[in-house]
Amino acid sequence: MTENATDQHLVRVQKLQALREAGVEPFAYSYSKTHDSAQLIENFETIAAAQTTVSIAGRLMTIRSMGKSIFANLQDDSGQIQIYVKKDAVAEGEFEVFKKADIGDIFGVEGYLFLTKMGEKSVHVSKVTLLAKSLRPMPEKWHGLQ
């Protein structure tokens, strides 16, 4: 294991301890989802028009923080969908947990579908649940598992 990987592991273990101290269960495991990402994308217009609340679970693949809002990609077994977490749209504790998330963490989110200004099909999140904290970094994109 490289020095960088060891440092990342230590930081993630510290985040795990901080979550537990804050009363957050970092390995909730159980989550009831209504759709998977492929269903949301394929049936976007119908679900969005009905203003249906959806819940989905998956692994964080990207995170783009913009202060009081965060865009991220959530990947499940059927594909990926973008999620949008806004500080005033979720409980304060939930936003703080999500703000400290790492690539590879597994989350369940609940919200409604919308199109971003860039035309990206996304979930506007109203509830965030940490399902599993990733303690090891994801394999490097270009070199894969070693």
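So, of the residues in the stretch 46-90 that are touching a residue at least 40 places away in the same chain (Cβ under 8 Å) and of a type in the set (D, E, K, R), which turns out to be surrounded by the fewest Cβ atoms within 10 Å (Cβ to Cβ)?
Selected residue: D77.
Could you tell me whether any residue of the stretch 78-95 is at pLDDT 90 or above, closer than 17 Å to M61 by Cα and out of contact with any strand residue (DSSP E or B) (no Cβ under 8 Å at 6 or more places or on another chain)?
Yes - at least one qualifying residue is present in the stretch 78-95.
With in a helix (DSSP H, G or I) and surrounded by 19 or more Cβ atoms within 10 Å (Cβ to Cβ) as the only criterion, which of L40, L113 stands out?
None of the other options fit; the residue is L40.
Starting from the stretch 113-131, keep only residues that are more than 18 Å from A101 (Cα to Cα), then list their pairs with residues that are in a loop (DSSP other than H, G, I, E, B) and open to solvent by less than 40 Å² (accessible area, probe 1.4 Å) whose Cβ atoms are within a distance under 7 Å, requiring at least 6 positions of separation or different chains.
Correct list of pairs: S122/T116.
Looking at T34, T6, can you tell me which residue is open to solvent by less than 70 Å² (accessible area, probe 1.4 Å) and either closer than 19 Å to I103 by Cα or assigned to a loop (DSSP other than H, G, I, E, B) (or both)?
Selected residue: T6, the only one of T34, T6 that is open to solvent by less than 70 Å² (accessible area, probe 1.4 Å) and either closer than 19 Å to I103 by Cα or assigned to a loop (DSSP other than H, G, I, E, B) (or both).
The values are calculated or read from the model by the stated rules, or taken from the named source; none is laboratory data. Predicted model, so just to flag it, every value in this text is computed and none were measured. Neighbour counts run over all protein chains shown; Cβ positions are idealised from the backbone, glycine included. Accessible surface is based on the protein model in full, side chains and every heavy atom, while ligands, DNA and RNA are left aside. Shrake-Rupley method; radii C 1.70, N 1.55, O 1.52, S 1.80 Å.
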